[in-house]
Amino acid sequence: LWQQTYDYQGQNDYGVAILHHANGELTVAAALHAATDSFDVGLLRYSANGNLRWSYSYDYEGQYDVPTALAEDAQGNLYVCAASLGSSSDLDYLTLKVKEDGTFEWMQSYDFAAGRDVPVSLVVDGNHITVTGASEDSTGQWDFYTVMYDDNGTVIEEYRLDKPGIGFDEPAGI
């Protein structure tokens, strides 16, 4: 058993999700408080005995980027989704792929009608990465939005579902 702290830039950082790997290592998805008073998506990879192997941070358009889910594929690649404040829109879906060694692979974002789009869950199934969450439509109502990517970040399918009369359609998982 071990305990570690991580200080990104002298601000208040917080972990959001932990992934335990078969070799005993851990990856933490975190919201890292940047000196510019915004948050970056952070991934922290720890060895089985608690030593930091690598850290990775991603800043989408210089705003608030807060991870919501973390997953791994069979090759050890990491996928993280986040709610990110865009420079010309409100919150957007942000999905990142980072290789097992901490190198950036690809990023995809989603914005509908410059409204709020918040991913809540992420699943990896073979070569497919599926992200789901809530997405505000142009009338201020919330819908389900689910997108499936291949392992290269190409959109394979996407679904938007509006349940009439509800107003706030938000999935809790996938």
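The values are calculated or read from the model by the stated rules, or taken from the named source; none is laboratory data. These numbers were taken from a predicted model, which means no experiment stands behind them. Here the Cβ positions follow ideal geometry from the backbone for every residue, glycine too, while neighbour counts run over all protein chains shown. Heads up: the accessible areas ignore ligands, DNA and RNA and are worked out on the full protein's heavy atoms, side chains in. Shrake-Rupley method; radii C 1.70, N 1.55, O 1.52, S 1.80 Å.
Considering 30, 71, 22, which residue is hydrophobic (A, V, I, L, M, F, W, C) and surrounded by fewer than 17 Cβ atoms within 10 Å (Cβ to Cβ)?
Among 30, 71, 22, only 22 is hydrophobic (A, V, I, L, M, F, W, C) and surrounded by fewer than 17 Cβ atoms within 10 Å (Cβ to Cβ).
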Please enumerate the residues belonging to the range 84-98 that are crowded, with 22+ Cβ neighbours inside 10 Å and over 12 Å from residue 153 (Cα atoms). 84, 91, 92, 93
Across the range 134-166, what is the number of residues that are on the phi > 0 side of the Ramachandran plot and open to solvent by less than 20 Å² (accessible area, probe 1.4 Å)? 1
At pLDDT below 95 and hydrophobic (A, V, I, L, M, F, W, C): does that describe residue 85? yes
Which residue, of 80, 66, is open to solvent by less than 10 Å² (accessible area, probe 1.4 Å) and among the hydrophobic types (A, V, I, L, M, F, W, C)? 80
Taking the criterion of being closer than 13 Å to residue 94 by Cα and either touching a Lys or Arg at 6+ places or on another chain (Cβ under 7 Å) or at pLDDT 95 or above (or both), would at least one residue in the range 69-78 satisfy it? yes
